[in-house]
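Here the structure comes first, spelled out in structure tokens, and everything after it is commentary.
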Amino acid sequence: GLPRLCGRSLPQHAAFVPMKVLVGVTLFIALFTGLLTWLHAQMHGLFSPLQFALAAFCVLNAWICVCEIALFRHSAAIQRRYEEHSAKLGEGKLPPVFLFEDVGLLKMLSVFLPSEYVGTAMWATYAALDPSYADQASFGFCVDVGNGFTTLVPSVLFAVSITSPLLDARHLGMLGLVMFWQEFYGTCVYFFQYFFNGRFRRSPRAHTLGIVVPANGIWMALPALGMWASARLVLDGSYAAFGHATA
């Protein structure tokens, strides 16, 4: 299948100029966020910073959900790759970050699927900072796999509905409260276990402050905003917080 075809041995295709994974992911998030923001402006006649922020976060979370499903599907391969990195580089040494790898067309497409490439490239690298992701019995592994399977569809539904409502405002608000609370609480507990268990001692402080804190901080700040917005949907009974006209 495509995930197998998109392994590291896949040759580059001349018809597609290789680009960095980070560029492809950024374009993906910008494309869908931009489309939702444009549709919102066309339908409601204004730009809503709240809609923009939460649409962008939901698009980002949807992609991360795919990566987390890959974490589940390819956990054995991730553990093997992590052990290879540790044996070669030493404990806590960060291998080359896959976001800065130049890839061809098929491998780039596999970044947006729960493929072995995105699973091993992302999680075996992050496991150098926190080996939880190479351990199926750990909290970090389980909470991220859980997030991947349970918030993918709600993220898409929330992003679309705050642009063009698919659900009654109160129903979407209840869904949002559950989803954003799960993300916020799970990240808080993850941060606790990361510091309480001394994971930060494995790698340079720059890696903790430059990678771990910002990457997880997003899943605290934006879900907190999402909970507030979801509460407004329930209490107001309308999408007024997102700039939608009320009857």
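The values are calculated or read from the model by the stated rules, or taken from the named source; none is laboratory data. Predicted, not measured: the structure shown is a model, and the values here were computed from it. Glycine also receives a Cβ, built like all others from the backbone with ideal geometry; neighbour counts cover every protein chain displayed.
Sort out which residues of the range 40-62 are touching a residue at least 60 places away in the same chain (Cβ under 8 Å), buried (at least 16 other Cβ atoms within 10 Å of the Cβ), assigned to a helix (DSSP H, G or I) and not aromatic (Phe, Trp, Tyr), and write them in order of number.
HIS40, HIS44, LEU50, GLN51, ALA53, LEU54, ALA55, CYS58, VAL59, LEU60, ASN61, ALA62
For the condition at pLDDT below 95, farther than 30 Å from ALA245 by Cβ and within 15 Å of the chain's Cα centre (by Cα), what is the one hit in LEU109, LEU94, LEU89, LEU99?
Only one candidate passes the filter, namely LEU99.
Anything in the range 19-39 that is out of contact with any strand residue (DSSP E or B) (no Cβ under 9 Å at 6 or more places or on another chain), farther than 15 Å from LEU54 by Cβ and either among the small types (Gly, Ala, Ser) or outside any helix (DSSP H, G or I) (or both)? List them, or say none.
Result: ALA30, single match.
Going through the range 191-246 one residue at a time, which ones are among the hydroxyl-bearing types (Ser, Thr, Tyr), modelled with pLDDT of 90 or more and in a helix (DSSP H, G or I)?
TYR194, SER230
Quick one: THR163 ticks every box in (1) among the polar types (S, T, N, Q); (2) assigned to a helix (DSSP H, G or I); (3) touching a Leu at 6+ places or on another chain (Cβ under 6 Å) bar one, so which box is it?
THR163 satisfies all of (1) among the polar types (S, T, N, Q); (2) assigned to a helix (DSSP H, G or I); (3) touching a Leu at 6+ places or on another chain (Cβ under 6 Å) except (2).
Go through the range 124-146 and count every residue that is touching a Gly at 6+ places or on another chain (Cβ under 8 Å) and either polar (S, T, N, Q) or not in a helix (DSSP H, G or I) (or both).
Count: 4.
Per-residue answers, yes or no, for (1) out of contact with any helix residue (DSSP H, G or I) (no Cβ under 7 Å at 6 or more places or on another chain); (2) part of a loop (DSSP other than H, G, I, E, B):
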position: ILE78; (1), (2): no, no
position: HIS85; (1), (2): no, no
position: LYS88; (1), (2): yes, no
position: PRO96; (1), (2): yes, yes
position: LEU113; (1), (2): no, yes
position: MET122; (1), (2): no, no
position: GLY148; (1), (2): no, no
position: PHE158; (1), (2): no, no
position: LEU167; (1), (2): no, yes
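Using the structure shown, decide if ALA77 is surrounded by 14 or more Cβ atoms within 10 Å (Cβ to Cβ), at pLDDT 95 or above, over 20 Å from the mean Cα position of the chain (by Cα) and not basic (Lys, Arg).
Taking the combined requirement at face value, the residue satisfies it.
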